[in-house]
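Encoded as structure tokens, the structure appears first; notes follow it.
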Ligand code: FAD
């Protein structure tokens, strides 16, 4: 068996692998797509000490760094169950294979919920964005929409209003669902328009986004907003469906972890976007992966 089996090969899993391998323990990484969400990212400008890079380049660098150590990388492997068996953990892969380990670090990340309207896919990274911390500055002085009136949508709108020329917040429901304090702050901003009861129907443009159309659900009328960017903020879904009933999850499906990345099952650690750790960013996930690997190592020393 492995000493540490890491499930997920994004920034969190890669950092966990390097930290575990450097302790001289048997380390494996099973992941569906090594690199994770970073593979879908165009520019990265907020990983400290790296002024500017591209997602695929960063993902390759993660893998190269891990391959520099004696780590067993199992690519294109999806985990579908985790079970404690006779003092070990068994991770069952979709292929049917079973991988055994004394401890596990789960770093299966998350995915942004898509709005699934025409134009969303076509204009991804060409005006359609999901992460205001990452892509907000690209829209400096421009007009954007934020789709979604929950806490993350309203926070995104407030954040973006400080950078861009104008923000249109679009909510499907008849009212915003964000906390009142956020709504109050939002309403105090001069360059924000809030549309409720509005269903986004398409994102349009030529090479890049130039407009968004929505239907006014009260009147049924189709309307159009000219803009350069659309931030979709209708939820970040953790990739933890396969763990339901095994580990304690939050009501959003995030793996509940303590300060050392320990989950509700001793010997199982978790890191990055799949967990309750706040702020979903590369540098945070990477630091978190390092922490969970050290947590797993400490667990192995004591057991
Ligand atoms: P992920 O990157 O999601 O990696 C999860 C890993 O687990 C992948 O290898 C995946 O294949 C694997 N996996 C999932 N389920 C399973 C399973 N059942 N079995 C096996 N493997 C599985 N952050 C920044 O800091 N700066 C940016 O500029 C930036 N831009 C972004 C742009 C976009 C378009 C997106 C989508 C995100 C961006 N982010 C950015 C956020 C950042 O990418 C994430 O916070 C970070 O990748 C999280 O790392 P992670 O390792 O926790 O998870």
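Looking for whichever is over 20 Å from the mean Cα position of the chain (by Cα) and more than 19 Å from residue 269 (Cα to Cα) here; the options are 59, 86, 21, 94. Which one fits?
Values: 59 fails: over 20 Å from the mean Cα position of the chain (by Cα); 86 fails: more than 19 Å from residue 269 (Cα to Cα); 21 fails: more than 19 Å from residue 269 (Cα to Cα).
The conditions single out 94.
Taking into account only those residues within the range 264-276 that are part of a loop (DSSP other than H, G, I, E, B) and in contact with a helix residue (DSSP H, G or I) (Cβ under 9 Å, 6 or more places away or on another chain), which is surrounded by the fewest Cβ atoms within 10 Å (Cβ to Cβ)?
Filtering the range 264-276 down to residues part of a loop (DSSP other than H, G, I, E, B) leaves 264-267, 271, 276.
Now drop any that are not in contact with a helix residue (DSSP H, G or I) (Cβ under 9 Å, 6 or more places away or on another chain), which leaves 266-267, 271.
Numbers: 266: 12, 267: 19, 271: 35.
Selected residue: 266.
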- [ ] For residues that are within 25 Å of residue 29 (Cβ to Cβ) and within 11 Å of the ligand (Cβ to nearest atom), scanning just the range 222-253, find the one that is surrounded by the most Cβ atoms within 10 Å (Cβ to Cβ).
- [x] 243
Open item on the list: Here are the criteria: (1) within 16 Å of residue 120 (Cβ to Cβ); (2) within 25 Å of the chain's Cα centre (by Cα); (3) modelled with pLDDT of 95 or more. Tell me which single one residue 244 does not satisfy.
Closed with: (1)
Task: Criterion violated by residue 176 - all others in (1) touching a residue at least 40 places away in the same chain (Cβ under 8 Å); (2) more than 16 Å from the ligand (Cβ to nearest atom); (3) buried (at least 22 other Cβ atoms within 10 Å of the Cβ) satisfied - done: (1)
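Here is a yes/no grid of residues against (1) more than 8 Å from the ligand (Cβ to nearest atom); (2) surrounded by fewer than 18 Cβ atoms within 10 Å (Cβ to Cβ); (3) more than 19 Å from residue 110 (Cα to Cα):
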{"site": "13", "(1), (2), (3)": "no, no, no"}
{"site": "18", "(1), (2), (3)": "yes, no, yes"}
{"site": "21", "(1), (2), (3)": "yes, no, yes"}
{"site": "26", "(1), (2), (3)": "yes, yes, yes"}
{"site": "31", "(1), (2), (3)": "no, no, no"}
{"site": "40", "(1), (2), (3)": "no, yes, no"}
TODO: Within the range 191-199, identify whether any single residue is closer than 30 Å to residue 303 by Cα and either at pLDDT below 95 or part of a strand (DSSP E or B) (or both), and answer yes or no.
DONE: no
- [ ] State whether one or more residues within the range 104-119 are without any contact (Cβ under 8 Å) to a residue 24 or more places away in the chain, closer than 27 Å to residue 169 by Cα and surrounded by fewer than 19 Cβ atoms within 10 Å (Cβ to Cβ).
- [x] yes
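Which of the following residues is crowded, with 18+ Cβ neighbours inside 10 Å and at pLDDT 95 or above: 96, 162, 153, 141? Working first, answer last.
Numbers: 96 fails: crowded, with 18+ Cβ neighbours inside 10 Å; 162 fails: crowded, with 18+ Cβ neighbours inside 10 Å; 141 fails: crowded, with 18+ Cβ neighbours inside 10 Å.
Every option except 153 fails the conditions.
The values are calculated or read from the model by the stated rules, or taken from the named source; none is laboratory data. Quantities reported herein were computed from a predicted structural model and do not represent experimental measurements. Every residue, glycine among them, receives a Cβ derived from its backbone with ideal geometry; neighbour counts consider all protein chains shown.
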